[in-house]
Amino acid sequence: MTTTNTRLADLAIAPASQIMATPYGDLFTNLAPETLETMLIKWTAKTECLTRASLVNYLNLFSHLGFEASVPLAELPDDHIRRIPAISNARLTRFKAKLQGEEIRYPERCLVFGQAFHAVTLEHAPSGDPVWNLRPSEWEAIRQMRDAYIGDFGGFLASQPKFRRLSYEKPKVWTDKETGLPCKAQMDIACRKAVFDLKTTSAWSGGTLHRTARRLRLRPPSRFLPRRQPCRMVLFHRGTETPALRRPHRPLPPGQRLHRKGPQEIPLPAPQVSRIGRTGLVPF
């Protein structure tokens with residue numbers, strides 16, 4: 001099959017995900033056989049890493065088209081979070097949206113970018129690994145965000161005595177009250193006093209950020225946490241320059257952040273590190 005003049009948006013998705021064989025190992029994917037064949041040709045022509053993990057990441061770059069791919073469940077280690085018999089927090093959100101006649105599709109490349117950021121930042125994976133199929137500019141953004149995590153956010157945690165004995169990527173299981181489904185999530189950073197959910201964003205304003213969060217129904221998995229253990233999203237900006245975060249119709253010059261009591265002049269690292277509070281964008 002040739003990929004000349006093939007529009008990715010025209011490629012078919014199967015009604016349900018299934019295990020499909022490839023020369024690089026089995027995949028659990030929702031792609032139709034002819035779609036997978038086309039994507040294999042495109043991937044082998046572009047990638048620097050001919051492995052199954054690389055193929056999975058390449059297919060997931062196209063999440064905006066509904067493409068999904070993963071390693072079959074039976075081949076994962078026993079302690080992998082996917083082996084827990086429960087629905088993930090993200091899938092629960094998409095399931096509830098589907099019940100209301102909506103379909104949530106994540107922006108192009110964002111899922112793989114976020115996974116690579118988590119791997120480099122929390123798991124100390126090497127930066128620039130070709131298995132992720134990311135662009136040089138994306139790796140540069142990840143390195144800057146990792147430095148911000150170590151310096152800015154790490155300094156914040158170190159300065160707070162209440163945030164001690166941190167655990168990383170800790171799984172949590174609960175029952176969703178609305179559906180009765182068993183659910184699961186993996187806490188990026190957790191301690192007795194709080195849970196921190198690391199997210200990346202390319203939004204250059206508070207308004208754009210919140211519109212995107214509403215469209216994707218992006219919420220921290222706080223439904224099962226006690227009130228004494230709040231969950232906070234920690235946002236790392238993908239830009240290579242310091243963004244000027246803005247309230248709607250209230251522009252802020254570079255070098256200012258949004259606070260509950262108004263903007264305050266402070267030096268900013270690039271990229272921006274901040275959190276979403278109940279009343280808007282509130283930085284640490």
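Listed here are the residues, each with its yes/no results for (1) in contact with a Phe, Trp or Tyr (Cβ under 6 Å, 6 or more places away or on another chain); (2) surrounded by fewer than 17 Cβ atoms within 10 Å (Cβ to Cβ); (3) of a type in the set (Val, Ile, Thr).
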position	(1), (2), (3)
48	no, yes, no
55	yes, no, no
60	no, no, no
64	no, yes, no
70	yes, yes, no
76	no, yes, no
79	no, yes, no
82	no, yes, no
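Scan (1) assigned to a helix (DSSP H, G or I); (2) surrounded by 18 or more Cβ atoms within 10 Å (Cβ to Cβ); (3) out of contact with any helix residue (DSSP H, G or I) (no Cβ under 6 Å at 6 or more places or on another chain); (4) among the aliphatic types (A, V, I, L, M) for the single condition residue 189 breaks and write down its number.
Here residue 189 clears every test but (1).
Just for segment 47-70: of the residues that are modelled with pLDDT under 95 and part of a helix (DSSP H, G or I), which one is farthest from the chain's Cα centre (by Cα)?
My answer is 65.
Of all residues in segment 23-36 being in contact (Cβ under 8 Å) with a residue 24 or more places away in the chain and surrounded by 15 or more Cβ atoms within 10 Å (Cβ to Cβ), which is farthest from residue 7 (Cα to Cα)?
Residues of segment 23-36 in contact (Cβ under 8 Å) with a residue 24 or more places away in the chain: 24-31, 34-35.
Checking the rest, the ones that are also surrounded by 15 or more Cβ atoms within 10 Å (Cβ to Cβ) come to 24, 27-31, 35.
Values: 24: 24, 27: 23, 28: 23, 29: 19, 30: 18, 31: 15, 35: 11 Å.
Once the filter is applied, the top-ranked residue is 24.
Contact list please: Cβ distance under 9 Å, first residue in segment 120-139 and outside the structural domain of residue 58 (by TED's automatic domain parsing), second residue assigned to a loop (DSSP other than H, G, I, E, B) and hydroxyl-bearing (Ser, Thr, Tyr), pairs at least six apart or on different chains.
As it stands, the answer is 120/127; 130/47; 131/47; 131/51; 133/47; 137/240; 139/127, since those pairs meet every condition given.
Considering only segment 140-174, state which residues are in a strand (DSSP E or B), surrounded by fewer than 17 Cβ atoms within 10 Å (Cβ to Cβ) and touching a residue at least 24 places away in the same chain (Cβ under 8 Å).
167, 168, 169, 171, 173, 174
Tally the residues that are modelled with pLDDT of 95 or more and in contact with a helix residue (DSSP H, G or I) (Cβ under 7 Å, 6 or more places away or on another chain), restricting the search to segment 1-27.
Qualifying residue count, segment 1-27: 5.
I need a count of the residues in segment 71-123 that are among the polar types (S, T, N, Q) and in contact with a Cys (Cβ under 6 Å, 6 or more places away or on another chain).
Just the residues of segment 71-123 that are among the polar types (S, T, N, Q), to begin with: 88-89, 93, 100, 115, 121.
Pick out the ones that are also in contact with a Cys (Cβ under 6 Å, 6 or more places away or on another chain) and you get none.
The total comes to 0.
Looking at (1) more than 30 Å from residue 50 (Cα to Cα); (2) in a helix (DSSP H, G or I), can you tell me which one residue 85 breaks?
Failing condition for residue 85: (2).
The values are calculated or read from the model by the stated rules, or taken from the named source; none is laboratory data. In this text, all values refer to a predicted model and were calculated from it rather than measured experimentally. Don't worry about glycine lacking a Cβ; one is built from the backbone with ideal geometry, like all the others, and counts go over all protein chains shown.
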